[in-house]
Amino acid sequence: VLQIVKESQQQHGLRHGDFQRYRGYCSRRLRRLRKTLNFKMGNRHKFTGKKVTEEILSDSRYLLLILMDAERAWSYAMQLKQEANTEPRKRFHLLSRLRKAVKHAEELERLCESNRVDAKTKLEAQAYMAYLTGMLRFEHQEWKAAMEAFNKCKTIYEKLANAFTEEQAVLYNQRVEEISPNIRYCAYNIGDQSAMNELMQMRLRSGGTEGLLAEKLEALITQTRAKQAATMSEVEWRGRTVPVKIDKVRIFLLGLADNEAAIAQAENEETKERLFESLLSECRDAIQAVREDLKPDQKQREHSLENDSGKVSNIQYLHSYLTYIKLSTAIKRNESMAKALQKALLQPQRSDEDGKRTPRPQDLIRLYDIILQNLVELTQLPGLEEDKNFQKEIGLKTLVYKAYRCFFIAQSYVLVKKWSEALVLYERVLKYAREVQSGAGAHRNSLKELPDVQELITQVNAEKYSLQAAAILDANDPHETESPSQVKDGKPLSERFETFCLDPSLVSKQVSLVHFPPGFQPIPCKPLFFDLALNHVAFPPLEDKVEQKAKSGLTGYIKGIFGFKS
């Protein structure tokens, strides 16, 4: 049962979440099955209902009829669930279709109790009915009944997975992983507070939730933080305490530590990138809420600036704090992407077989440009202009990222054999790194999260020696400089048989053997003949051979009128 359902879903729309397409497939397959089995429900004029009974179970396709009925009702319910976000009235229709799907699943389970059905199919029918029942109870928010149904389904699939080979067990284990978050969500709503942490870990491991649980889990997290936010009234940053009166900002600040911990525990780069984007999105929403409160308070802030000799108001300082969090998170995200690209650069380069472009040093240069721009914005935050320690920290971080940016610019010059420019840039990297080491002093704690400068110095010294050796070899090898020019002139192989050169393109798929299509060549056109002698030929007189016309008078005129010929 599960294999038939999964294969049909993956091949007909559910890979992209298109439940309407899958519902249409179920309807067409039902029509084909009824026609093949001659099990039609009357004709076009009159409906005659028929039920599948144990007596006619001579063909397994009769069970497939009921299974497709249940799948059609379930897919329609899932389609309505997507549409119910904007049209809440469709939720009633959704529950009706889920009840219909459970009814068909119960009928399938009853028929599978027959002696003609094997034990595996009986167990799968029971698990399928328990799964649909759990989904119906889940939508009704009957958490205990839903948890019992999901647990029954999970138990059956786990037993089936242990009873078969590893290849067959993969399908059952996938279904167990799908319903595990639903079980923990039901347990949390029943009163198990430890289930919340397990749900967060599940969301982190899977890289996001899908299906029924996705929206409910996000709403649950927001609801939990909102309860905690009721007790939060102020926040302290850089020695100043400011009150927090906006609920959205409270919720964001309470979840900040959890989000940062989740990012640190992320198993792969894709999950980490998704969590960074989620945190930045929440931060932008919180900043927008503070900015809306800043607009009507503009005059009061100007008055407070005059009285407090440059000290910004609390709401403005809170806005600076949130902007600092946003820019710092963006810097960490770009630094994480830069580390991933550096690892890719160290790996052996492969040909672009999958259509993916191989990473280059230029990609890292762009990331470090964005980081430096974010650091410039940090120095311009209102309320921190007079904070010398803050400005010093940002200055040191700027030097570190400038050093790494120069390093990758130098590497891009090495790739095109511009040795002198690369050497100058390597010297600039060493200059920045020494400035960081000399100016760190009391700010070493703030530089712990940054890339190691000493490691960069060691790498640059090694690269300098390699660069000098490559430059000497390149200057002393004339063949190495001649052969590329012969290849780059664009001549095909047919025109340079007499010249030997190492051309790697000859063994690639884009080899240039001849000019194709061939170029145009001039050919003689069709001749034109002009009779020039005709102008110089004197023809003989013909007056004696031409008959003289007789003079016609009045008689001829009259004959002509009446039609008489002479």
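The values are calculated or read from the model by the stated rules, or taken from the named source; none is laboratory data. Quick caveat, the model's predicted, so the values are computed rather than measured. Methodologically, a virtual Cβ is constructed for each residue, glycine included, from the backbone with ideal geometry; neighbour enumeration extends over all protein chains shown. All accessible areas refer to the heavy atoms of the entire protein, side chains included, with ligands and DNA or RNA removed. Shrake-Rupley method; radii C 1.70, N 1.55, O 1.52, S 1.80 Å.
A few comments on the model shown:
- Restricting the first member to the range 10-21 and to residues that are without any contact (Cβ under 8 Å) to a residue 60 or more places away in the chain, and the second to residues that are among the acidic types (Asp, Glu) and surrounded by 14 or more Cβ atoms within 10 Å (Cβ to Cβ), the beta-carbon pairs closer than 9 Å and six or more apart or on different chains are 12/18.
- Test: residue in the range 488-498 that is open to solvent by less than 70 Å² (accessible area, probe 1.4 Å) and at pLDDT below 80: yes
- Filtered residues of the range 55-67 (kept if among the charged types (D, E, K, R), open to solvent by 60 Å² or more (accessible area, probe 1.4 Å) and at pLDDT 80 or above): 61
- Annotation note: Cβ proximity below 7 Å between a residue of the range 367-392 that is in contact (Cβ under 8 Å) with a residue 40 or more places away in the chain and a residue that is of a type outside the set (S, T, N, Q) and not in a helix (DSSP H, G or I) (sequence gap 6+ or interchain) occurs for 382/312; 383/312; 387/238; 390/238; 390/384.
- Residue 71 being under 19 Å from residue 94 (Cα atoms), in the same structural domain as residue 93 (by the TED database) and of a type in the set (D, E, K, R): yes
- On the stretch given as the range 238-286, residues that are closer than 24 Å to residue 312 by Cα and open to solvent by 60 Å² or more (accessible area, probe 1.4 Å) total 8.
- Taking the criterion of being in contact (Cβ under 8 Å) with a residue 12 or more places away in the chain, open to solvent by less than 30 Å² (accessible area, probe 1.4 Å) and under 30 Å from the mean Cα position of the chain (by Cα), the residues of the range 72-84 that qualify are 74, 75, 77, 78, 79, 80.
- Note on the range 474-487: residues that are modelled with pLDDT of 55 or more and surrounded by 10 or more Cβ atoms within 10 Å (Cβ to Cβ) total 3.
- Contact map, the range 145-160: residues that are more than 11 Å from residue 133 (Cβ to Cβ) paired with residues that are part of a helix (DSSP H, G or I) and aromatic (Phe, Trp, Tyr), Cβ distance under 8 Å, separation 6+ or inter-chain. Pairs shown: 157/172; 158/172; 160/172.
- Against the conditions (1) open to solvent by 70 Å² or more (accessible area, probe 1.4 Å); (2) under 17 Å from residue 184 (Cα atoms), residue 154 satisfies every one except (1).
- Pairs linking a residue in the range 500-516 that is open to solvent by 100 Å² or more (accessible area, probe 1.4 Å) to a residue that is not in a loop (DSSP other than H, G, I, E, B), with Cβ atoms under 6 Å and 6 or more positions apart or on different chains, are 502/483.
- Contacts under 8 angstrom Cβ, first residue in the range 121-134 being closer than 17 Å to residue 163 by Cβ, partner among the aromatic types (Phe, Trp, Tyr) and in a helix (DSSP H, G or I), 6 or more apart: 127/157
- With respect to the conditions (1) modelled with pLDDT of 85 or more; (2) surrounded by fewer than 16 Cβ atoms within 10 Å (Cβ to Cβ); (3) more than 20 Å from residue 121 (Cα to Cα), residue 49 lacks only one, and its number is (1).
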